[in-house]
1. Go through (1) modelled with pLDDT under 95; (2) more than 11 Å from the chain's Cα centre (by Cα) and name the single condition residue 92 misses.
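The values are calculated or read from the model by the stated rules, or taken from the named source; none is laboratory data. No experiment lies behind these values; they were computed from the predicted model shown. Don't worry about glycine lacking a Cβ; one is built from the backbone with ideal geometry, like all the others, and counts go over all protein chains shown.
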């Protein structure tokens with residue numbers, strides 16, 4: 001199963017404490033979080049850690065992504081210095097640990 005970027009956005013907003021159950025996220029806050037999701041995803045894709053297509057986040061990758069995006073976005077919402085920053089390294093480690101591995105055989109010269 002997978003989650004959408006919109007579902008990830010809501011989870012990040014809840015983690016940062018900027019979304020209450022009885023109110024919608026403002027369009028400005030949603031846009032800011034979406035920008036951070038894109039930046040984190042682009043960085044991780046370049047680092048070879050993200051393997052999924054946009055808007056189709058594997059369920060197992062959601063928690064690490066919430067940690068990393070929250071860490072990256074916390075300053076935008078006045079939440080810096082409240083412990084969110086450490087989530088980036090923790091999330092990246094978790095994400096790397098669940099990345100599907102590919103069997104890659106290298107060519108090796110066999111001298112007789």
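1. That leaves (2) as the condition not met.
Residues are listed down the side, and each one gets a yes or a no for (1) crowded, with 19+ Cβ neighbours inside 10 Å; (2) closer than 20 Å to residue 1 by Cα; (3) within 16 Å of the chain's Cα centre (by Cα):
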residue	(1), (2), (3)
13	yes, no, yes
19	yes, no, no
41	yes, yes, yes
60	no, yes, yes
63	no, yes, yes
